[in-house]
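As structure tokens, the structure follows; a few thoughts come after it.
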Amino acid sequence: MVYLGAFGLKPDIEKAADAGVRLSYGWRWLFFPFLGIKVEVLMRLFFRFFFLFLLVPSLLGFDFNRHSIPVKEIVSGGPPKDGIPALLKPQFLDASQALFLSDTDRLLELVQRGEAKAYPLKILNWHEIVNDQFGGRPVLITYCPLCGSGMGFDPVIKGKTYTFGVSGLLYKSDVLMYDHETESLWSQLKQEAVTGAMTGARLPLLPLVHTTWGVWRKEHPDTRVLSTETGYIRDYSRDPYGDYATSPRLMFPAGKTNSLYPAKEWMIGIVLDGKAKVYPFSELSKGEKVFSDQVGSSEVHIQYDPVSHSARIKDHSGNDLPAVTSYWFAWTAFYPETEVYRSSR
């Protein structure tokens, strides 16, 4: 979710007004030389109403009469509804044609119905949602740059296919999607609709893998790759979030989080039998890279690759289980009671 990066602002009206006043220092006397110190008061009022006008309208157009989360905790990420354009008709390349990727570029990858596809983060940073198909079956690919969370869903609910766009709104710093059919808002990390007619409906999670192009191409040389020919003019070689991924700061409120690890510690989490468990990469890097563990009443097998800095969780048959790779703060904001894996080494 691209925020008001040009101004360095957070979605807080008073802080936005303060920043606007600071930015105006260089030229305010040109327009208000006769007002003296009172100009700061006037400029603060101007920026307060300017950003109120900018932020509040993006909350409009959605039905908040039904909701499962506190509406006051829904905030604007800056862009309006569809200001970050979801992809509805994605185009794909063969692996040999994906010359815009290097081996270290990170991607989300999915195998369904015998077909492998890769979704580069350098494209997802600009679009966040891809409405796709595997063998004619609809699939929803989502990525929230603020939480580092890439998740794939089955968008068919009770026999009806839903397509999704980016609402421009956030909950606990995570993207709120909306479906085009009812305009209900859906929380990515909660995996369910949180406002509107679909409130409470859930999206089945798919076993999406978060790894690097070099590793994925070696495992799946026949993979297809999301093309930069999206129909939109974007500089996909540039990260619109700058140094956000390497900075300890958050751009938006995430609610109550756990400070046991740095906010942007990478981890993989899973929910089985109603129990959530998380595996911080710093813990996985200490011990065995392949091992078995217990989540709820289920046995799982963890695989950690220090080269690609990625992890997978598999069942006893070696199949990938639906799990979530994200930043630590994001997982603990949504699963505060999560069990945490600690290496014995």
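Can you spot a residue in the range 249-264 that is open to solvent by less than 20 Å² (accessible area, probe 1.4 Å), farther than 20 Å from residue 205 by Cβ and aromatic (Phe, Trp, Tyr)? The answer is yes; a qualifying residue exists. Being open to solvent by 10 Å² or more (accessible area, probe 1.4 Å), among the acidic types (Asp, Glu) and either over 14 Å from residue 226 (Cα atoms) or in a strand (DSSP E or B) (or both), is that true of even one residue in the range 168-177? No. Pairing each residue of the range 69-84 that is at positive phi with any residue that is of a type in the set (Phe, Trp, Tyr), provided the two are 6+ apart or on different chains, yields C-beta distances under 8 Å for 78/3. When residue 222 is tested against (1) surrounded by 15 or more Cβ atoms within 10 Å (Cβ to Cβ); (2) among the charged types (D, E, K, R); (3) out of contact with any Lys or Arg (no Cβ under 6 Å at 6 or more places or on another chain), only condition (1) is not met.
With 326, 282, 343 as the choices, which residue is polar (S, T, N, Q) and open to solvent by less than 10 Å² (accessible area, probe 1.4 Å)? So that I can check it myself, show each step before the final result.
Numbers: 282 fails: open to solvent by less than 10 Å² (accessible area, probe 1.4 Å); 343 fails: open to solvent by less than 10 Å² (accessible area, probe 1.4 Å).
Criteria check complete, one pass: 326.
Can you confirm whether the range 125-132 contains a residue that is modelled with pLDDT of 95 or more and at positive phi? Checked against the condition, which is being modelled with pLDDT of 95 or more and at positive phi, the range 125-132 yields at least one hit.
Take the conditions (1) closer than 24 Å to residue 309 by Cβ; (2) in a helix (DSSP H, G or I); residue 72 misses just one of them, which is (1).
Within the range 308-319, the residues that satisfy the criterion of being under 22 Å from the mean Cα position of the chain (by Cα) and either aliphatic (A, V, I, L, M) or open to solvent by less than 50 Å² (accessible area, probe 1.4 Å) (or both) are 308, 310, 311, 312, 313.
Look through the range 263-278, keep the residues that are free of Cβ contacts under 8 Å to residues at least 60 places away in the same chain and on the phi < 0 side of the Ramachandran plot, and return whichever of them is nearest to the chain's Cα centre (by Cα). So that I can check it myself, show each step before the final result.
Of the residues in the range 263-278, the ones free of Cβ contacts under 8 Å to residues at least 60 places away in the same chain are 268, 270, 272-274.
Pick out the ones that are also on the phi < 0 side of the Ramachandran plot and you get 268, 270, 272.
On the way: 268: 14, 270: 17, 272: 22 Å.
Only one residue fits best here, namely 268.
Is it the case that some residue within the range 192-215 is of a type in the set (Phe, Trp, Tyr) and open to solvent by 70 Å² or more (accessible area, probe 1.4 Å)? Looking for residues that are of a type in the set (Phe, Trp, Tyr) and open to solvent by 70 Å² or more (accessible area, probe 1.4 Å), one finds none in the range 192-215, hence no.
Contact map, the range 284-302: first residue touching a residue at least 12 places away in the same chain (Cβ under 8 Å), second residue in a loop (DSSP other than H, G, I, E, B) and basic (Lys, Arg), Cβ cut-off under 9 Å, separation 6 or more or different chains; pairs are 286/345; 287/345; 302/289.
Got a number for residues in the range 144-167 being among the β-branched types (Val, Ile, Thr) and either crowded, with 24+ Cβ neighbours inside 10 Å or in contact with a Leu (Cβ under 7 Å, 6 or more places away or on another chain) (or both)?
Pass one, the range 144-167, residues among the β-branched types (Val, Ile, Thr): 156-157, 161, 163, 166.
Okay, now just the ones that are also either crowded, with 24+ Cβ neighbours inside 10 Å or in contact with a Leu (Cβ under 7 Å, 6 or more places away or on another chain) (or both), so 163, 166.
Here the count works out to 2.
Of the residues making up the range 82-98, just one is part of a loop (DSSP other than H, G, I, E, B) and over 16 Å from residue 232 (Cβ atoms), namely 98. Residue 199 satisfies every condition listed in (1) outside any strand (DSSP E or B); (2) farther than 17 Å from residue 66 by Cβ except (2).
Going through (1) within 30 Å of residue 96 (Cβ to Cβ); (2) open to solvent by less than 60 Å² (accessible area, probe 1.4 Å); (3) part of a strand (DSSP E or B) one by one, residue 230 falls short only on (3).
For the structure I just gave you, tell me whether residue 163 is in contact with a strand residue (DSSP E or B) (Cβ under 8 Å, 6 or more places away or on another chain) and farther than 15 Å from residue 124 by Cα.
Values: in contact with a strand residue (DSSP E or B) (Cβ under 8 Å, 6 or more places away or on another chain): yes; farther than 15 Å from residue 124 by Cα: yes.
Taking the combined requirement at face value, the residue satisfies it.
In the range 110-126, is there at least one residue being in a helix (DSSP H, G or I) and open to solvent by less than 10 Å² (accessible area, probe 1.4 Å)?
Initial filter on the range 110-126 (in a helix (DSSP H, G or I)): 121-126.
Filter once more, so that each one left must be open to solvent by less than 10 Å² (accessible area, probe 1.4 Å): 123-124.
Yes, the conditions are met somewhere in the range 110-126.
Going through the range 62-94 one residue at a time, which ones are farther than 13 Å from residue 176 by Cα and of a type in the set (D, E, K, R)? Answer for the range 62-94, where residues must be farther than 13 Å from residue 176 by Cα and of a type in the set (D, E, K, R): 63, 66, 72, 89, 94. Taking the range 287-307 as the search range and keeping residues that are hydroxyl-bearing (Ser, Thr, Tyr) and open to solvent by 60 Å² or more (accessible area, probe 1.4 Å), which one is nearest to residue 208 (Cα to Cα)? Going through the qualifying residues, I end up with 292.
The values are calculated or read from the model by the stated rules, or taken from the named source; none is laboratory data. Being a predicted model, the structure only gives us computed values, none of them experimental. Neighbour counts run over all protein chains shown; Cβ positions are idealised from the backbone, glycine included. Heavy atoms of the whole protein, side chains included, go into the accessibility calculation; ligands, DNA and RNA do not. Shrake-Rupley method; radii C 1.70, N 1.55, O 1.52, S 1.80 Å.
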